[in-house]
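Below is one structure, written out as structure tokens; the observations come after it.
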Amino acid sequence: MSAAVNVNKGTALVTGASSGIGATYADRLARRGHNLVLVARDEQRLRELAARLGAQYGVKVDVVRADLTSKEDVRTVEGTVARG
């Protein structure tokens with residue numbers, strides 16, 4: 001599969017990104033030129049996905065290990081997004 005030309009279209013936050021629908025959305029958004037903030041509990045899988053998407057599509061991908069049932073983790077995600 002060829003890499004897309006990265007014309008930045010902003011940054012998308014994808015939760016549950018380590019597998020399933022979240023990983024599929026992350027791939028599709030990266031393919032369309034969006035930078036990503038990937039959020040899930042499985043940091044290892046997030047990092048693997050981030051490396052693949054960054055290399056394949058030339059987008060910036062940040063990883064946040066978070067359990068969104070935890071208020072503290074939600075604040076971590078909020079802080080990451082606020083910093084841009």
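The values are calculated or read from the model by the stated rules, or taken from the named source; none is laboratory data. What you are looking at is a predicted structure, and each value in this text was computed from that prediction instead of being measured. Virtual Cβ from ideal backbone geometry, glycine too; neighbours counted across all protein chains shown.
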Go through the stretch 32-51 and report how many residues are within 21 Å of Gly10 (Cβ to Cβ) and surrounded by fewer than 16 Cβ atoms within 10 Å (Cβ to Cβ). 1
Mind listing whichever residues of the stretch 54-84 are of a type in the set (Lys, Arg) and either in contact (Cβ under 8 Å) with a residue 60 or more places away in the chain or surrounded by 11 or more Cβ atoms within 10 Å (Cβ to Cβ) (or both)? Lys60, Arg65, Arg75
Out of (1) at pLDDT below 95; (2) of a type in the set (Val, Ile, Thr); (3) under 21 Å from Val74 (Cα atoms), the odd one out for Val5 is which? (3)
Restricting attention to the stretch 10-46, and to residues there that are polar (S, T, N, Q) and outside any helix (DSSP H, G or I), which single residue is farthest from Gly79 (Cα to Cα)? Ser19
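Within the stretch 5-20, identify whether any single residue is free of Cβ contacts under 8 Å to residues at least 24 places away in the same chain and touching a strand residue (DSSP E or B) at 6+ places or on another chain (Cβ under 7 Å), and answer yes or no. Even if it seems obvious, please write down each step before you answer.
Going through the stretch 5-20, the residues free of Cβ contacts under 8 Å to residues at least 24 places away in the same chain turn out to be 20.
So of that shortlist, the ones also touching a strand residue (DSSP E or B) at 6+ places or on another chain (Cβ under 7 Å) come out as none.
Checked against the condition, which is being free of Cβ contacts under 8 Å to residues at least 24 places away in the same chain and touching a strand residue (DSSP E or B) at 6+ places or on another chain (Cβ under 7 Å), the stretch 5-20 yields no hits at all.
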Matching entry among Lys71, Lys60 (being among the charged types (D, E, K, R) and touching a Gly at 6+ places or on another chain (Cβ under 9 Å)): Lys60
